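Here the structure comes first, spelled out in structure tokens, and everything after it is commentary.
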Amino acid sequence: MLTENAEVQELLSAETKAFKLFDEAVSRGLIKAGISEKSLNNSMYQLAEELLGVKKFWHKRIVRAGANTLFPYRENPLDLIIQEDDILFFDFGPVFEDWEADIGKTYVIGNDPEKHKLQRDTELAWKEGQTWFLANPNASGAEFYQFTCELALKYGWKFGGEHCGHLIGRFPHEKIEGESKFNYIHPENHEPMSTPGVETPIRRWIYEIHFVDRARQFGGFYEAFVGPY
């Protein structure tokens, strides 16, 4: 059985490998206009196998562009063609030797200043949220969600999701811990996030930032392992 610190290192290692997938996609020019979300998704899957030896993902792989960036995870919008001057995000959950990663990041094609601002804001807000979370270890999921909604307004956006994060761990954590709101950073989760899980004395969390501009019909997304460490 791994120590608590070793578990954290396994999660961070999985995440570091996963983010390399996005970096490599940029360097190879895979993120471009004129292709469909589905086509880019398939290219990313092939790249994950080539680069990292990954064939297993613990949740559906998401590539969303344009107006589809407004949709939360559980939706399945129609496949769009990525446009010039577009915005898109990834949400991938690769599994490395039974340890889950869950990463999301926004990319902008073109020079639209508001879309570039949103891309920056999702990452800045994520870091601000992490600082709050680590300083408030006994906060409830509802409190963290409320803080995140206020963060969205602070940066000039609206929050686009029904929750802003969830558990992460050994695959398959969903079967081990279940799907109740207790396992999400959700407005109806009033339990401290530090409360032990079903089989885990310390629950580890993924934090999601999903900011949207419904008037202009686009959104941005960033997610990563937030702790506790």
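The values are calculated or read from the model by the stated rules, or taken from the named source; none is laboratory data. Computed from a predicted structure; not experimentally measured. Please note: Cβ atoms are built from the backbone with ideal geometry, for glycine as well, and neighbour counts cover all protein chains shown.
Things to note:
- Selection status of V54, free of Cβ contacts under 8 Å to residues at least 60 places away in the same chain and among the β-branched types (V, I, T): yes
- Members of the range 102-128 found to be among the β-branched types (V, I, T), outside any helix (DSSP H, G or I) and under 20 Å from F225 (Cβ atoms), listed by number: I103, T106
- Residue list for the range 25-44, restricted to those being of a type outside the set (A, V, I, L, M, F, W, C) and under 19 Å from E223 (Cβ atoms): E37, N41
- Where strands (runs of 3 or more DSSP E) fall wholly inside the range 129-229, the ranges with 1 or more residues that are touching a Gly at 6+ places or on another chain (Cβ under 9 Å) and among the charged types (D, E, K, R) are 204-213, 218-227.
- Flag if N76 is surrounded by fewer than 19 Cβ atoms within 10 Å (Cβ to Cβ) and either in contact (Cβ under 8 Å) with a residue 24 or more places away in the chain or closer than 21 Å to A215 by Cβ (or both): no
- When E199, E150, E128 are checked against the criterion of being surrounded by 15 or more Cβ atoms within 10 Å (Cβ to Cβ), out of contact with any Phe, Trp or Tyr (no Cβ under 8 Å at 6 or more places or on another chain) and among the acidic types (D, E), E128 stands alone in meeting it.
- Filter result for E97 (out of contact with any strand residue (DSSP E or B) (no Cβ under 9 Å at 6 or more places or on another chain), modelled with pLDDT under 95 and not aliphatic (A, V, I, L, M)): yes
- Residue-level check: of (1) at pLDDT below 95; (2) crowded, with 21+ Cβ neighbours inside 10 Å, E179 misses just (2).
- Restricting the range 1-46 to residues that are of a type in the set (V, I, T) and in a loop (DSSP other than H, G, I, E, B), the residue that is modelled with the lowest pLDDT: T3
- When the range 61-94 is filtered for residues that are of a type in the set (F, W, Y) and in a strand (DSSP E or B), the ones remaining, listed by number, are F89, F90, F92.
- Residues satisfying the stated conditions in the range 1-26, i.e. surrounded by fewer than 17 Cβ atoms within 10 Å (Cβ to Cβ) and either of a type in the set (D, E) or closer than 23 Å to T69 by Cα (or both): E4, F19, K20, D23, E24, V26
- Odd one out for R28 among (1) more than 27 Å from I81 (Cβ to Cβ); (2) basic (K, R); (3) out of contact with any strand residue (DSSP E or B) (no Cβ under 7 Å at 6 or more places or on another chain): (1)
This table checks each residue for (1) within 22 Å of R64 (Cα to Cα); (2) without any contact (Cβ under 8 Å) to a residue 60 or more places away in the chain; (3) aliphatic (A, V, I, L, M); (4) surrounded by 15 or more Cβ atoms within 10 Å (Cβ to Cβ).
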site	(1), (2), (3), (4)
F133	no, no, no, yes
G169	no, no, no, yes
T195	no, yes, no, no
E223	yes, no, no, yes
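- Matching residues, the range 40-51, being more than 11 Å from L21 (Cβ to Cβ) and touching a residue at least 40 places away in the same chain (Cβ under 8 Å): L40
- Residue within the range 194-206 that is under 30 Å from E114 (Cα atoms) and modelled with pLDDT of 95 or more present: yes
- Scanning the range 142-172 for residues that are in contact with an Asp or Glu (Cβ under 7 Å, 6 or more places away or on another chain) and of a type outside the set (A, V, I, L, M, F, W, C) gives Y155, G161, G165, G169, R170.
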